[in-house]
């Protein structure tokens, strides 16, 4: 009996010791995993992928739930491909910074320098204003535009809004707009004479080895692409309606994995594609004509973390997609979250993960 008690004491001591030496990183991952499971259940999300890196190294990458209901397929963060929705704007911004650095585009030039045949507005507007949501070009006017399911090119997509008046004098107000990024992508492909998605693939995806990132072609068969869901009246995920995102790829039409987005986020912290000076053009808040900061650069919201340090981020909401990419350059931290459900608010969950990993 004494021998048995001694063995039990040794076993309990070993368990206590293993818990005592759990690293700070392991504690954070355990806390974040608990938050993620709670978030998944509360929001009724079918599938979610989360990846986190610090100091350029992947420290946590995990799939939750399923990419497909039938056949039931678990999410794998290194290969399950999601719509990234408006996080696409951040990718567009880096491509634009490259064009500006290589003198293909002047950010402060009129858009008509690059698209001279585009309808003339009452006011002129610049490339920088397009990327900063300061142009006055409208956003979706209704649900039908948001869920548009006619396959169109970028140039054809301009017909949805190009003859509408500006909402305000460019620079006088901030108005979030995906259509502004549609026009921005037209400017970019006219300036280079290269199709926009080809330029992004060759300039961003290939150099960063983002091998699972691409334009969302509605009728393409993409291996490992998740199915896309919406919530039913009973708060259960059901298949979302089909949508065509090709024309708005710059503002919300790329596909990616959470681990690919980590590679992209680390390029913002440790730039190799562009210089730090060019990068600063997209991660510095723009300001209104009054001088007031907008809190948005080009394709990135520019704010402060809970610690008061710099934070660049973007959320995304599309058909069958609710997403987040957050970058903390001073802490060298990147957080990417992708889901396959429409209409999930990502801001609070992103702040919870920030609290865990910035502690």
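Each reported figure results from applying straightforward, stated rules to the coordinates on display, with no laboratory input. Because the structure is predicted, anything quoted here is derived from the model rather than measured. Glycine also receives a Cβ, built like all others from the backbone with ideal geometry; neighbour counts cover every protein chain displayed.
Data overview
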read-out	value
Residue exposure sequence - 182, 187 - by fewest surrounding Cβ within 10 Å	187, 182
Where only C-alpha atoms are counted, convex hull volume of the range 71-224 per residue in Å³	132
Relative contact order [Cα under 8 Å, 6+ residues apart], the range 24-357, whole percent	26
Extension gain from residue 290 to residue 38, taking 0.36 nm per residue of separation minus the Cα-Cα distance	86.4 nm
Neighbour-count order for 210, 152, fewest beta carbons within 10 angstrom listed first	152, 210
Rounded to 5, percent antiparallel among DSSP beta bridges of the chain	95
222 nm mean residue ellipticity, helices alone, for the chain (DSSP H n ≥ 4; -39,500 (n - 2.57); rounded to 500)	-9500 deg cm²/dmol
